[in-house]
1. Rank 20, 77, 49 by how far each Cα sits towards the positive end of the charge dipole of segment 7-82 (+1 on Lys, Arg Cβ; -1 on Asp, Glu Cβ) and give me just the farthest.
2. Please label the shape of segment 7-82 as rounded, prolate or oblate, based on the square roots a ≥ b ≥ c of the eigenvalues of the alpha-carbon gyration tensor (a/c under 1.5 means rounded; beyond that, a/b larger than b/c means prolate, else oblate).
3. Relative contact order for segment 7-82: what percent, with Cα pairs under 8 Å and sequence separation of 6 or more?
4. Using modelled amide H (1.01 Å from N, peptide plane; none on Pro or chain starts), what sits under 5 Å from the amide H of residue 85, excluding residues fewer than 5 places away?
5. Once you've got the Cα coordinates, tell me which of 41/105; 54/80; 41/108; 76/102; 76/135; 76/110 are over 32 Å apart.
6. Along segment 14-19, what does the Karplus equation 6.51 cos²θ - 1.76 cosθ + 1.60 (θ = phi - 60°) give for ³J(HN,Hα), rounded to whole Hz, x for Gly and Pro?
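Values quoted throughout were computed directly from the atomic coordinates according to the rules given, and no laboratory measurement underlies them. As the structure is a prediction and not an experimental result, all values here were calculated from the model. We place every Cβ from the backbone using ideal geometry, glycine too, and count neighbours over all the protein chains shown.
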Amino acid sequence: MGSRKGIPNKTTRYESDILPRLSDIQEWIMQGDTVREICKKLAISPDTWYRYCKEHETLSELVTMGRSVLCNDVEKSLLKICTGYDYEELKTIVEEDKNGKKRTKIEKTKRHQPPSAQAISFFLRNRMPEEWSDKKELILDTSQNEAARKELFLKMVNGELDAEDENTGNDDESVRVDEEE
């Protein structure tokens, strides 16, 4: 501990209030508490929190590790919802016999939760956006037809376009039918 503002060996607020509570802080982060909630529990401002994270590598690494654990847990839960899972449901039943005695029975039921289409869609869109995104970008290469379009436009402007040329550049096949009288 160095001197602070000319006062030798005075403990800082970080040393007195934050260091002893590092395990609590890690637990709060892993539970998903926000920075505001953590600051409220520590009675510090968010600015002070960010300054401590910047100045103290121990706290910064603790925050990073806690968030990583939380994200991994969320990913595992999402994957479980995407693939479906089995679980046991416990039901407590209280019955009264002939003598008036109460008996407690615990009934176990196995259940299956099917995969969630919405979770699967979310997972795929975020993990493989190129293949599963709803937004598709369509790029048309029209440079090949540019010369033909210019020629057709000039013919139209100059009035050189006759009935047979009107279908030029059109992919539709047309059939000319001559009527006999």
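1. Highest projection toward the positive end goes to 49.
2. Working: a/c = 3.02, a/b = 2.51, b/c = 1.20.
Prolate, because a/c is 1.5 or more and a/b exceeds b/c.
3. Working: 32 pairs, mean separation 26.2, N = 76.
Relative contact order for segment 7-82 comes out at 34 percent.
4. Excluding prolines and chain starts, which carry no amide H, the hits are 113.
5. On the way: 41/105 42 Å; 54/80 36 Å; 41/108 40 Å; 76/102 42 Å; 76/135 27 Å; 76/110 21 Å.
Table pairs above 32 Å Cα-Cα are 41/105; 54/80; 41/108; 76/102.
6. 4, 5, 8, 9, 9, 3
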